[in-house]
Each structure stands twice: as structure tokens, then as C-alpha cells.
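The values are calculated or read from the model by the stated rules, or taken from the named source; none is laboratory data. Not measured: the values here are computed from a predicted model. Cβ sites come from the backbone with ideal geometry, for glycine too, and all protein chains shown count toward neighbours. Surface accessibility is based on the protein's heavy atoms, side chains included, excluding ligands, DNA and RNA. Shrake-Rupley method; radii C 1.70, N 1.55, O 1.52, S 1.80 Å.
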Amino acid sequence: MHQPSTGNRILSGVQPTGNLHLGNYLGAIRNWVKLQDNYECLYMLADLHAITVPQEPDALRRATRETAAAYIACGVNPEKSAIFPQSAVAAHAELAWILSCHTPLGWLNRMTQFKEKAGKHREEAVLGLYSYPVLMAADVIVYKATHVPVGEDQKQHLELCRDIAGAFNRAYKTEFFPLPEPLILGEATRVMSLRDGTRKMSKSDESDYSRINLTDDADAIAKKFKKATSDSFPTIGENLENRPEALNLLTIYASLKGISRQAALAECGGMNFSVFKQALTDVAVAHLAPITAKMRELLASPDYLDQVLAKGVAKAQGIAGQTMREVKNLVGFLQ
Ligand code: AQP
């Protein structure tokens, strides 16, 4: 485990755009839980990012509450960490504008996520989807976060965040913003789709069979692993470099059990696909059932969730407000 010195701060978040899945859990949230012991942690519900693609307002509200419940059910402790909707802290959007005035278009043009998401319809893609990484930079540095735990898919955006923080510092001849470090932790830094081992597991994939949701019950988990794309190799463990689906399932197994991929290979390498899928299902159900139950319990206590979020917003606003006063002073705005 990464050992920080005191004074280090974490910011991370997930978009409330649907059910959280195993990729969000193993690539991000599970790591957040461990980091709470050594860092001051702020975990946002990234609703401003969510609206870079169309959202139905009631569904967004519901998903935001569900995502908060999921954070807590996965082990984020609201007594230790701030949990809050990003949109409740106006400083995110305010700083994003200032940073956008220090970000060359060429830097944004290199972002692969925009290219993937906009696809062939680039001209119709909205400005927010394009400038998403500038908002992400603001999310992080408005808290002067030193570390950002993310899955591998966000690495490029984090590098851009460092570049933007550096550009601001240079423009005002200051070292005001620390350059945040990505924390890409664990075995499952990029969990892949169950239907296609070359694409990442994602909330926005049309097929629900591509992912295991944190709300899936034992039957759904069993069905999804059973239907997960397989191949005809006799065992799960051979020739893994050329078998993305087998490698993905083995990585999920290792990560859920908290063991290395090597250890998982030693344990399960000789099994055929169907025997291994049953073992994987058993591990996943045992791991996820308590999380799903806790989520259900939390969602039945809306007052408690509201209190948690209000406390998180107050803490986040306090830190971000102080940063914004100093930023405005550096930039030359009258206050
Ligand atoms: N497949 C994944 N493997 C490991 N980590 C992942 N993360 C997301 N997918 C994986 C990490 O989860 C955090 C939140 O990311 P997000 O809200 O962008 O999640 P998403 O599920 O990818 O959401 P969408 O709406 O479906 O977005 P797109 O379309 O971009 O995939 C981040 O730390 C991320 O690294």
C-alpha cells in the first residue's frame, strides 16, 4: 500500500449514470476504502460529468442517491470521508472556466475518450463532452488534491490535469496548485466487458450482459458469467496473452479474492471454462451480496443519506471556497 506523508488529500468520483458495476468497484471504489486510513478523502458524485450525455432528470436524481448508497455500502465511511454531489459545489464549474482559459485546444484534441465517445458524430457532440477533462482537472485541483485513485481509463485525463495545473502555475508564477498523482491500484485496473474482452466494462454499454452490476442478485450474476464470452481452449489458464476474455475473468477472480493473478492461475489454471465460471460466480456472489443488501438498507433511509450528503457538501464547499478566493486573487478578479 502506498504510504503518504501527512497533509495529502484524495479526490475521486463516479458518474451517477446508471448502476455501478464491477469495473467501478474493483478499479476505483474498493481502493478508496483502503485509502481512507491514510488520506483526507473527498468522494464526489460526478453529476456534472453525467450530463455530458443526455440524462433524464428523475433518473439522474435517483442514480445520484444510489451511487451515494453504493459508496457507503462498499465501505466508504461518511464519518471519515466527504461524500457529495459535484453540482452542489459551484466552485467546480467556476474553476473549470478559468482553467479552460489556460488550456490549449491541442491538448484536448489528443484525448482518446472524446474521440471514442463522439465517434463519427463529432460535429454534433456537445462542448461539455469535449471539455470534460478540463472540468475533471478543476474537480481535482479545487481541493488541491495530491492523489487521485482511478482506473486505467482515466490515466490520460489525469496527465492532462497535471498539465493544466502546471499551466496555471506558470501563468501566475506560482506553485499554488500541487500536481496530482494518479493512484492506479490493485489487479483489476481495467475490467473488461463480459461480452468483448477488448472493451472496458462500462455503464454506458447497451448490453446489461456486458457487466456485473453491484445491484445484481445471485441469479443474475450466475447468468451473466455463464453467458460471458468463452473460447474453446481446454483450460482457463493456458495462452492467456491471446485470450482477453479468459484473462479478464481470471483477473476479476483474483481481484475479488484479494490474491495476485499468479495465485489465481495456480489455483484455477487447470479448470475448464464452465467449472471456472462456477467458481467465479461463487466468489462474486459471496463478495457482492452484503454490498447489495447494505445498499438496499441505505436507500430505505433517505434522511440518513441526505444528512451524509449535506455534511459532505459543507466540507467540500469550505475547502473549495478557500481555493477559489485565492485563485480569483491570483487571476486579478475584484472580490
Ligand atoms: N472497466 C473498468 N475497469 C476499471 N476501472 C473502471 N472505472 C470505470 N470503468 C472501469 C473507474 O471507475 C471510476 C468512475 O468512472 P466512470 O463513472 O466514468 O465509469 P464508467 O462505468 O466508465 O461510466 P460510463 O458512464 O459508462 O462512462 P464511459 O462511457 O466513459 O465508459 C473511474 O475511476 C474509472 O477509472
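The table below lists the values:
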quantity: Near pairs, Cβ below 6 angstrom, 6+ apart or cross-chain, from the stretch 9-38 (open to solvent by 20 Å² or more (accessible area, probe 1.4 Å)) to any residue that is near the ligand (Cβ under 6 Å from one of its atoms) and β-branched (V, I, T); calculated: N24/V14
quantity: Helices (runs of 4 or more DSSP H) (entirely within the stretch 2-121) containing at least 1 residues that are at pLDDT below 95 and either within 14 Å of the ligand (Cβ to nearest atom) or of a type in the set (F, W, Y) (or both); calculated: 30-35, 112-118
quantity: The stretch 262-285, residues that are open to solvent by 70 Å² or more (accessible area, probe 1.4 Å) and aliphatic (A, V, I, L, M); calculated: A266, V275
quantity: Residues of the stretch 48-98 satisfying the condition of being polar (S, T, N, Q) and open to solvent by less than 10 Å² (accessible area, probe 1.4 Å); calculated: T67, S81, Q86
quantity: Inter-residue pairs, beta-carbon under 7 Å, first under 17 Å from L240 (Cα atoms) and of a type outside the set (V, I, T) and in the stretch 176-204, second within 11 Å of the ligand (Cβ to nearest atom) and open to solvent by 40 Å² or more (accessible area, probe 1.4 Å), 6+ apart; calculated: R190/E152; R190/D153; R190/K200; M192/R199; M192/K200; S193/R199; S193/K200
quantity: Selected residue (criterion: nearest to F114 (Cα to Cα)) from residues of the stretch 140-169 that are in contact with a Lys or Arg (Cβ under 7 Å, 6 or more places away or on another chain) and of a type in the set (G, A, S); calculated: G151
quantity: K226 vs. criteria open to solvent by 60 Å² or more (accessible area, probe 1.4 Å), within 26 Å of A70 (Cα to Cα), touching a Lys or Arg at 6+ places or on another chain (Cβ under 8 Å) and within 15 Å of the ligand (Cβ to nearest atom); calculated: no
quantity: Count of residues meeting criterion [touching a residue at least 12 places away in the same chain (Cβ under 8 Å), farther than 21 Å from M44 by Cα and hydrophobic (A, V, I, L, M, F, W, C)] in the stretch 91-124; calculated: 5
quantity: Residues of the stretch 135-180 satisfying the condition of being charged (D, E, K, R) and at pLDDT 95 or above; calculated: D139, K144, E159, R162, D163, R170, K173, E175
quantity: Top-ranked residue in the stretch 199-208 [being under 17 Å from A50 (Cβ atoms) and open to solvent by less than 30 Å² (accessible area, probe 1.4 Å); ranked as nearest to the ligand (Cβ to nearest atom)]; calculated: S202
quantity: Filtered residue count, the stretch 150-198, keeping only those that are among the small types (G, A, S), more than 16 Å from the ligand (Cβ to nearest atom) and open to solvent by 30 Å² or more (accessible area, probe 1.4 Å); calculated: 1
quantity: Residues located in the stretch 159-193, provided they are closer than 15 Å to E326 by Cα and charged (D, E, K, R); calculated: K173, E175
